[in-house]
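Report on the following structure.
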Amino acid sequence: MFWANYFAENTRNSPLLLRLQGALRGVHLISVSLVILNLSSAARPRRSLRSRNTHPLYPQWIEIIMRMNHPANKALIRYLLWVCGSALALLLMASQSEAQMAAPQQVVAAPPSAANTLLQFEDARHLLNRTSFAAQPREILEFTKLTKAQAVDQLLAETRRSAAFPAPEWTTRYERAYRPDMTPEERQAAQRRELVVRGLELKSWWTAEMLSTPTPLTEKMTLFWHNHFATSQQKVRVAQLMYRQNALLRQHALGNFAVLLREISKDPAMLIYLDGAQNRKGAPNENFAREVMELFTLGQGNYTEADIKEVARAFTGWSTDLDTGEFRFRANLHDTGEKVIFGQRGKFNGDDVITMLLKRVETSEFVVAKLWLELVSPDVDAAEVKRIARTWREANYEIKPMLRALLLSDAFWVSQHRAVLVKSPVELVVGSLRQFQFEVEDAAPFAVIMRQLGQDLFSPPNVKGWPGGEAWLNTTTLLARKGFLNRLFRADEMASAPSTITVATAASLIDRDMMGQRRDRAQARLATVNSNSARASNATNEMMNSPTMAGGGAAMNGVNQQLRGQYYFDSHKWLSQYAKTSEADLLWKTILAGPPVQATSLKYDLAGLRALALDPMYQLK
């Protein structure tokens, strides 16, 4: 009910409601006009009539009209009233419409769009929250010294091409995960190592990188491309290849899209995930051909089934070397015959197809529209997308100029586009930890929590990635989100001694799930954190076998137990940032995307922070 009320409240100034308000004003003007005309007809005094009521509010014009008994007079008066009233009403509405067209800012007050406009506090917070995971008060205040253009340019200049947090040791070398001579037991052990132990280490590492990175925009764009070029560890089954793909996405996250598209098309993890490695002459596999057009470039409806078949032929021979984990072109498996793609005829190969895709206008517009949904609004402005996409093509698919145009567009700054996007689980968890500067002992439990909330790093649900938006919110995830935030600010837990959870032990808890068992039961299994305690292990086994653990309550218990001792928050130190302020609203203006809905009486203490974190507005960005 809250979300329905909230979104209804935030559509007060929508075009539809404005038109309805205009229509109601028109009806009101017609009524007023008729009253004015009727009163004017009664303005001429008549000696033969005497008012039956001397009260100044008595409507004498009604009595005057009703006592005019001649039929011709009645008809004439009715006709004149109708003509004059309608004409005056139309004139008034026309003048009102002209005034609105001449001064549309009176209807929707939009912030100035000039790039040299200095940022206000709310503007700086909005920019930082959309382009990073959270913003500290001092960061926001620093950005208020900059113009919009300066702030955006600074964000784009401070990006990285590699991770700052040390990766797991095994990522420095490649070894074939599955050998042909393995026994079934050896293959099962290798699969567990890749999917469970190294899989959780990989999720933990990326979570730690997002928590510690000095350039959060880099990680947000890496996450965007991870969802755009969706690839799942569940099918790839080689952690080293997933790590390499992640490094590739980060390297080109704010580089050149054309280069990224070519590199990801030859990425071994991608070729395994979309069966490109099995695409060969005489038996083409169409999976990659379809997705490279539908999901990576053109979007639905901009290609034909015949194009899919021909593009699949062009990509035959693109494969992987399992001994090195590298891309390998197998010429003997490539179809060298003539193909017809997008109406063009030639002996095309995969590189030719990518060149053709990049020349299509739909490619730039499709990607810009996805970024619009991520950074601006759930409602895409087609005209603005076309304008920004044209800028992008003119910049030869360099990502930074495109992002700059997007972030400096009027649409990004208007108030109607604030607090309209739902935070993803990654944004909620990582953003909360960064926002309040938690000291995190181990990132693994938080990676698991993000998975429980619906976003499992390195394992998007399907080739389309996570749907995002309001799909993040349902009864189960809202309860889990509240449970996570509620536990995060429990004062009696913050100073607890760090537990001795290890990645290997946490990995063992999701072993069966990775092997294809029930997802909800495996989530419940994640509730144990103190693996060095035999008693905790026994309790975990009992919980695993409990039939009640398949429900939402198990996920909540898992959230609570996983967090025990894994973080520390010094609320006094954090709140000291506000020691010199006299503005009562500064706290929520730093943390929330808009005014609080429930936390209306706030104090600068731990209870106040907890109230803000549990406020429904905290779920939005």
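Computed from the coordinates by the stated procedures, all read-outs in this text should not be read as laboratory data. All of these numbers come straight from a predicted model, not from anything done at the bench. Virtual Cβ from ideal backbone geometry, glycine too; neighbours counted across all protein chains shown.
Across the range 210-253, the residues whose backbone nitrogen lies under 11 Å from the label position 7 Å along the beta-carbon direction of ALA164 are 210-219. Residue-wise HN-Hα couplings along the range 207-220, as the Karplus relation 6.51 cos²θ - 1.76 cosθ + 1.60 with θ = phi - 60° gives them from phi, are 4, 5, 5, 5, 6, 10, 4, x, 10, x, 4, 4, 6, 5 Hz; Gly and Pro carry x.
Model label points for ALA115 and LYS281, set 7 angstrom from Cα along the Cα-to-Cβ axis, are 5.1 nm apart.
Applying both filters, DSSP loop and at most 15 other Cβ atoms within 10 Å, to the GluC sites (Glu not before Pro) of the range 108-214 gives GLU158, GLU175.
Scalar couplings 3J(HN,Hα) for the range 185-197, obtained by applying the Karplus form with A = 6.51, B = -1.76, C = 1.60 to θ = phi - 60°, are 5, 5, 5, 5, 5, 5, 5, 5, 4, 6, 7, 9, 5 Hz; x denotes Gly and Pro.
With the simple spin-label model, which puts each label point 7 Å out from Cα in the Cβ direction, the LYS573 to THR172 separation comes to 3.1 nm. Under 22 Å of direct C-alpha separation, and excluding same-chain neighbours fewer than eight residues apart, LYS235 reaches these lysines: LYS203, LYS266, LYS464. Inter-part distance, the range 179-211 to the range 440-459, computed on C-alpha centroids, equals 16 Å. Here's the list of aspartates and glutamates a cross-link from LYS148 could span, going by alpha-carbon distance under 20 Å and ignoring same-chain residues fewer than 8 apart: GLU122, ASP123, GLU139, GLU158, GLU374, GLU384, ASP410.
Fully extended, how many nm does the chain gain between GLN344 and THR144 (0.36 nm per residue separation, minus their Cα-Cα distance)?
Answer, rounded to one decimal: 66.7 nm.
Using a simple spin-label model with pseudo-atoms 7 Å out from Cα toward Cβ, ARG390 and GLN191 lie 5.4 nm apart. Between LYS603 and ASP379, the contour length at 0.36 nm per residue exceeds the alpha carbon distance by 77.1 nm.
Which FRET efficiency value, to the nearest 0.05, do you get for GLU583 and GLN154 by plugging their Cβ-Cβ distance into 1/(1 + (r/R0)^6) with R0 = 25 Å? Efficiency, rounded to the nearest 0.05: 0.50.
Per-residue Karplus couplings for the range 229-246, computed as 6.51 cos²θ - 1.76 cosθ + 1.60 with θ equal to phi - 60°, are listed in order as 9, 4, 9, 10, 5, 4, 9, 5, 6, 10, 4, 4, 5, 5, 5, 5, 5, 4 Hz, Gly and Pro entered as x.
Could you estimate the translational diffusion coefficient of the range 571-619 from the Stokes-Einstein equation, with Rh from the Kirkwood formula over C-alpha pairs, at 4 °C and 1.567 mPa s, in whole µm²/s? In µm²/s, the coefficient rounds to 119. Remark: the range 262-338 projects, on average over all directions, an area of 5.0 nm² (convex hull of Cα atoms). Placing R0 at 30 angstrom, the Cβ-Cβ distance between GLN300 and ASN256 gives a FRET efficiency of 0.75 after rounding to 0.05.
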